[in-house]
Amino acid sequence: KYQPGQGLALAAGERCLGHPWWGVWASFGLMCAAAAWAFLGWLPFRWAVFATALFLMRFLPPHYWLNSYWGGALPALGGLLCLWALPRVRRSPRLRYGLVSGAGAGILVLTRPYEGFAFLLGLSAAGVLHLRGFVGWRATWLRAVVPGLLVVLASAAFLGVYNRAVTGSLLRMPYDVHERTYMRAPYFIWQPLREVAP
């Protein structure tokens, strides 16, 4: 019923290193590295090191993102990559920053599309405000924003193909089919309870 992102990380761990657990560890390690990079983009070095230390204390070994297959590190990695790119695009609009931001947004599309959409909407508004009055906005658009959007569109196309293979519709997610089939309690208060066969 879930989005394909976490399954792809587990499959990569199994394919490359022989066990899906390595996919969990890799996504967790990349998340920690992305946090440090993101903090370095927004904060002075001393404060970035302090923020990274706090981040690591919160998420190290006892956390279930590292000790289960459920995931969480992968969507966090996607959001942190987007946060990593924004201040760097302002300083120097480069293709790699747009691609990193697009990869982060693509990870959000493939792991948490609803929450990712809300996050990206807010981040896009912050980006517009951040770049307001910036003289190089045309170069920023061509060098960073357009390539990032192309990566996001490729991720969305992949998700559509995945949805169609599983549910028969480009826009209907497996999660929706699962909820309609097995869940009795509604999402919203105005939806009625459903009968469940004994």
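The values are calculated or read from the model by the stated rules, or taken from the named source; none is laboratory data. These numbers were taken from a predicted model, which means no experiment stands behind them. Heads up, the Cβs are rebuilt from the backbone with ideal geometry, glycines too, and the neighbour counts pull from every protein chain shown. Please note that ligands, DNA and RNA were not included when accessible areas were found on the heavy atoms of the full protein model with its side chains. Shrake-Rupley method; radii C 1.70, N 1.55, O 1.52, S 1.80 Å.
Is there a quick way to get the dipole size of the stretch 34-167? I mean about its Cα centre, with the Cβ of Lys and Arg at +1 and of Asp and Glu at -1; what is the value in debye to the nearest 20?
Approximately 460 debye in magnitude.
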Output the DSSP H helices from the chain with an along-axis C-alpha extent of no less than 15 Å and a mean Kyte-Doolittle hydropathy no less than -0.5. 4-17, 21-42, 45-59, 73-91, 95-111, 113-131, 146-167
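Ignoring everything except DSSP H segments at least 4 long, calculate the 222 nm mean residue ellipticity for the chain; use -39,500 (n - 2.57) per segment, divide by total residues, nearest 500.
Details: 9 runs with 141 residues, N = 198.
When only DSSP H runs of four or more count, the value is -23500 deg cm²/dmol.
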Using a Gaussian network model on the chain with a 10 Å cutoff between Cα atoms, which of L54, L66, L149 fluctuates the most? L54
Excluding ligands, DNA and RNA, what is the solvent-accessible area per residue of the chain at a probe of 1.4 Å, expressed in Å²? 63 Å²
Hey, in the GNM for the chain with a 10 angstrom Cα cutoff, which one of A48, A118, A34 fluctuates hardest? A118
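With the full set of protein chains in place, find how many percent of the accessible area of the chain is carbon and sulfur; take the probe as 1.4 Å.
Ligands and nucleic acids excluded, carbon and sulfur reach 70 percent.
Answer rounded, prolate or oblate for the stretch 55-111, using the Cα gyration tensor with square roots of eigenvalues a ≥ b ≥ c: rounded when a/c is under 1.5, else prolate when a/b is larger than b/c, else oblate.
oblate
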Projected onto the charge dipole of the chain (+1 at Lys/Arg Cβ, -1 at Asp/Glu Cβ, origin at the Cα centre), which of T52, Y2, L110 gives the Cα projection farthest towards the positive end? T52
I want to check the label-to-label distance for V49 and A157. Put each point 7 Å from Cα in the C-beta direction and report it in nm to one decimal. 4.5 nm
With Cα springs under 10 Å, the Gaussian network model of the chain assigns the largest mean-square fluctuation among A76, A36, A53 to A53
